[in-house]
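Chemist: Below: one structure in structure tokens.
The values are calculated or read from the model by the stated rules, or taken from the named source; none is laboratory data. These figures come from a predicted structure and were not determined experimentally. Every residue, glycine as well, gets a Cβ built from its backbone with ideal geometry; the counts of neighbours run over all protein chains shown. With ligands, DNA and RNA removed, areas are computed over all heavy atoms of the protein, side chains included. Shrake-Rupley method; radii C 1.70, N 1.55, O 1.52, S 1.80 Å.
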Amino acid sequence: VQLQASGGGLVQPGGSLRLSCAASGRIFRRNIMGWYRQAPGKRRELVAIMADAGDTNYADSVKGRFTISRDNAKNTVDLQMNSLEPEDTAVYFCNLRHIAGSEYWGRGTLVTVSS
């Protein structure tokens, strides 16, 4: 399984960005796709994930600002990020985890929130 992410970049505080991730390869129907991030000097943390059935989980820090969505038929997952803050600056990683246990990561895309 390969994950290809896109959409990172530089944005001013209060701005918006949309991250997209496409998965390819042998993907089982029961899976969870989503986004994690890692800021400089910090551990990787969950941002938002969404199961194939539609259940979602968001980090408290992004609730109300970020929205995750997915297309099961296309094996894609998007992250709409609004009201971005400097604290959102990080490398964002796309993730796919099969319910059966195997897990895959994309290469990461940098999001920088700065004036």
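Chemist: Filter the range 80-108 down to residues that are within 27 Å of GLY25 (Cα to Cα), among the β-branched types (Val, Ile, Thr) and outside any strand (DSSP E or B), then give me how many there are.
Modeler: Here the count works out to 1.
Chemist: Mind listing just one residue for me: the one in the range 53-66 that is surrounded by fewer than 17 Cβ atoms within 10 Å (Cβ to Cβ) and in contact with a strand residue (DSSP E or B) (Cβ under 8 Å, 6 or more places away or on another chain) and, of those, farthest from ARG29 (Cα to Cα)?
Modeler: Applying the first criterion (surrounded by fewer than 17 Cβ atoms within 10 Å (Cβ to Cβ)) to the range 53-66 yields 53-57, 59-61, 63-65.
Going one step further and asking which of them are in contact with a strand residue (DSSP E or B) (Cβ under 8 Å, 6 or more places away or on another chain), we end up with 56-57, 59, 65.
Details: THR56: 16, ASN57: 19, ALA59: 25, ARG65: 28 Å.
Here the residue is ARG65.
Chemist: Would you check if GLN12 is in contact with a Ser or Thr (Cβ under 6 Å, 6 or more places away or on another chain) and in contact (Cβ under 8 Å) with a residue 24 or more places away in the chain?
Modeler: On the way: in contact with a Ser or Thr (Cβ under 6 Å, 6 or more places away or on another chain): yes; in contact (Cβ under 8 Å) with a residue 24 or more places away in the chain: yes.
Spelling it out, GLN12 is indeed in contact with a Ser or Thr (Cβ under 6 Å, 6 or more places away or on another chain) and in contact (Cβ under 8 Å) with a residue 24 or more places away in the chain.
Chemist: Please enumerate the residues belonging to the range 73-115 that are of a type in the set (D, E, K, R) and more than 23 Å from LYS63 (Cβ to Cβ).
Modeler: LYS74, GLU103, ARG107, listed by residue number.
Chemist: Let me ask you something else. In the range 72-115, how many residues are surrounded by fewer than 18 Cβ atoms within 10 Å (Cβ to Cβ), more than 14 Å from the chain's Cα centre (by Cα) and either among the hydroxyl-bearing types (Ser, Thr, Tyr) or under 23 Å from SER16 (Cβ atoms) (or both)?
Modeler: Counting residues in the range 72-115 that are surrounded by fewer than 18 Cβ atoms within 10 Å (Cβ to Cβ), more than 14 Å from the chain's Cα centre (by Cα) and either among the hydroxyl-bearing types (Ser, Thr, Tyr) or under 23 Å from SER16 (Cβ atoms) (or both) gives 9.
Chemist: On the basis of being closer than 22 Å to GLY64 by Cβ and open to solvent by 40 Å² or more (accessible area, probe 1.4 Å), does SER16 make the cut? So that I can check it myself, show each step before the final result.
Modeler: Working: closer than 22 Å to GLY64 by Cβ: yes; open to solvent by 40 Å² or more (accessible area, probe 1.4 Å): yes.
Considered against the rule, which asks whether it is closer than 22 Å to GLY64 by Cβ and open to solvent by 40 Å² or more (accessible area, probe 1.4 Å), SER16 comes out as yes.
Chemist: Does the range 31-40 include one or more residues that are over 16 Å from GLY108 (Cα atoms) and surrounded by fewer than 16 Cβ atoms within 10 Å (Cβ to Cβ)? Steps first, please.
Modeler: Of the residues in the range 31-40, the ones over 16 Å from GLY108 (Cα atoms) are 31-32.
From the residues that got through so far, the ones that are surrounded by fewer than 16 Cβ atoms within 10 Å (Cβ to Cβ) too are none.
The answer is no, given that none of the residues of the range 31-40 is over 16 Å from GLY108 (Cα atoms) and surrounded by fewer than 16 Cβ atoms within 10 Å (Cβ to Cβ).
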